Amino acid sequence: MQDLNEIIAGCRKMDKRAQRCLYERYASLFMGIAYRYSKSREDAEDILQEAFVKILTRIDQYSETGSFEGWMKKILVNTAISHYRNSLKHDFHKDFDSIQETQILDGDYEIDNEEFTREELLRSINMLPPGFKIIFNLYAIEGFKHREIAEMLNISVGTSKSQYSRARALLQEKLTELKKIARNE
């Protein structure tokens, strides 16, 4: 079963083979996305599984007007955000609502990704504080606008912009340190 439309039709009929095909087709891609939003591989696996359950139970809601992959990614990202919020409650950390707006840093922090491997970049992004990491991923990688991020996370647009700017600055510092280590400075 290779045709995506056949797989979607089969999933709508609750065909286990079609569901398995859909999972196998997108699991590795979506695992990478889930990992960007999580603290560990185990958390990413939980997010992935929960997202696929939602996708399969809500597949009738897909209107076929846009990209199916985009529709699934939105469910995945929203699941990751929910997972993050739930972990905050259990870990007794502060919530997005308590993040204070700060002045947006001036300057353009350019990250030359040709100097770093994909793994080094992902590891550096993963080392960002959780709130920074979520906003950085949503804006820089997923391509959401600050207005959309603010709505998703129930924060102000200014907070989204400020946290993104701070995340970029922190990421730049981490990558600069990596460069120095590589040069034995």
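Structure summary
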item	result
Segments classed as helices (runs of 4 or more DSSP H), wholly inside segment 122-185, with at least 2 members that are hydroxyl-bearing (S, T, Y)	157-182
Exclusive hit being out of contact with any strand residue (DSSP E or B) (no Cβ under 9 Å at 6 or more places or on another chain) and at pLDDT 85 or above, set E119, E151, E115	E151
Segments classed as helices (runs of 4 or more DSSP H), wholly inside segment 9-95, with at least 3 members that are under 19 Å from N154 (Cβ atoms) and among the charged types (D, E, K, R)	68-91
Among residues of segment 19-60, those that are without any contact (Cβ under 8 Å) to a residue 12 or more places away in the chain, of a type in the set (D, E, K, R) and over 28 Å from A9 (Cβ atoms), counted	2
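The values are calculated or read from the model by the stated rules, or taken from the named source; none is laboratory data. Predicted model, so just to flag it, every value in this text is computed and none were measured. For neighbour counting, all protein chains shown are included, and Cβ atoms are generated from backbone atoms with ideal geometry for every residue, glycine included.
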